[in-house]
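What follows is calculated from the coordinates using simple rules that are stated; it is not laboratory data. It should be emphasised that the depicted structure is a prediction, and the values quoted were computed from it without experimental measurement. Cβ coordinates were reconstructed from backbone atoms using ideal geometry, including for glycine residues, and neighbour counts include every protein chain displayed.
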Amino acid sequence: MIENLVGLYETVNYKKDTQMRLQINDWYENFPPHWHTPFELIMPIKSTYTVRCCNTEYILQEGETIIICPGIIHELFSPPEGVRIVFQPAISQLPFQELDLIISRISPAVVISEKETPKIHDRIRQLMLEIQEEYFSSLPYAESAVYSKFLEILVLAGRHYLNAAHPNLKAPQQTRQKYMEKFLFICNHINEHFAEPLTLENTAAMAGFSKYHFSRLFRQYTDTTFYKYLNQKRIAHAKQLLLDNDLPVLEIAFQCGFSNLSSFLRMFKLLTGYTPSELRKMYRGDF
């Protein structure tokens, strides 16, 4: 069962004195739609396991790993018999700039399987087993060891999906590194200033590119458009603000960078599938 669920929002009970939780789950129990702030990685070690998020159903086979990004509403369905590793690490422990670029590549969720990702499947499977071993050990610096292995999983997945999306990148390594650093700066700027009236033209000029060249490069490095990335950040913040029942929806819209309520409502519905009022009721459990 989900221990702390209010509406759709789960507060994860981390292991004492850590910012992570790992369970060996053998329960014959389904979990209703919910979301939480940490990542969630699930790997069946006996039988299958079914995950549904963003209108897509994933049936995991033994040894396959699904990476569910923070803030994604998902459901879990268990077979009558089975065992799986469920690992939830907090993103607050990951203060590095490239995280947003990786999340934009793998959001809302990706499955690491031998068929679809053969080059990284075996290593990620091994890392999940090593994470399990470290988590339950009494060794010093176990949390650091676990996070180092989790970071390797993120890097492997991020690089795989970057290369899969753009297999024919011709730019020299030095140029690619320069662009990567520039777009890390741009993403960080958006993350910090999403509530301001950012535009494609002004952001491109700040980066030193034409609007058209910037748009192409932004999609290449983030796998999404500038405005979709910006609106995803705004709506993610709005979802957090909706947990405060006393804050009017109009005020939330303004705090998230929208100049009018209708634009906010339209974008919120487009990205979440719900209106702000509907999601707030679900947070409270008022279905």
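With the simple model of a label 7 Å out from the Cα in the direction of the Cβ, residue 206 to residue 227 spans 1.8 nm. Less than 20 Å apart at the alpha-carbon level, and either on another chain or at least 8 residues along: which lysines does that give for residue 115? Candidates past the 8-residue exclusion: 46.
Mean-square fluctuations from a GNM of the chain, with a 10 angstrom spring cutoff on Cα atoms, peak among 273, 257, 63 at 273. Between the labelled values [x] 1.05; [y] 1.16; [z] 0.97, the entry that holds Rg/Rh (Cα atoms, Kirkwood Rh) as derived from this structure is [z]. For segment 139-264, just say rounded, prolate or oblate: build the C-alpha gyration tensor, square-root its eigenvalues into a ≥ b ≥ c, call rounded for a/c under 1.5, and beyond that prolate if a/b exceeds b/c, oblate if not. Oblate, since a/c reaches 1.5 and b/c is not below a/b. Please identify which residues in segment 33-57 have an amide N closer than 14 Å to a label point set 7 Å out from the Cα of residue 236, following the Cα→Cβ vector. Within reach of a label on residue 236: 36-40. Computed per residue of the chain from DSSP H runs no shorter than four, each worth -39500 (n - 2.57), the mean residue ellipticity at 222 nm is -15000 deg cm²/dmol. In the chain, a dipole from Cβ-located charges (positive for Lys and Arg, negative for Asp and Glu) runs towards its positive end, and of 146, 161, 224 it is 224 whose Cα lies farthest in that direction.
Span-like helix check, the chain: qualifying full DSSP H segments, with Cα axial length of 20 Å or more and mean Kyte-Doolittle of -1.0 or more, are 118-135, 142-165, 226-241. Placing unit charges on the Cβ atoms only, positive for Lys and Arg and negative for Asp and Glu, gives the chain a dipole magnitude near 1140 debye about its Cα centre. What is segment 5-165 by shape, rounded, prolate or oblate, if you read a ≥ b ≥ c off the alpha carbon gyration tensor as root eigenvalues and call it rounded for a/c under 1.5, prolate for a/b larger than b/c, and oblate otherwise? Rounded shape, in that the Cα axes give a/c under 1.5. Modelled this way, with points 7 Å down the Cα-to-C-beta line, the labels at residue 126 and residue 2 are 3.5 nm from one another.
Cross-link reach is defined here as a Cα-Cα straight distance under 24 Å, omitting same-chain residues fewer than 8 places apart; for residue 239 the lysines meeting it are 228, 269, 281. The aspartates and glutamates within cross-link reach of residue 149, meaning a Cα-to-Cα straight distance under 13 Å and a gap of 8 or more places when in the same chain, are 130, 133, 134. Counting neighbouring Cβ atoms within 10 Å and putting the fewest first, the residues 27, 35 line up as 27, 35.
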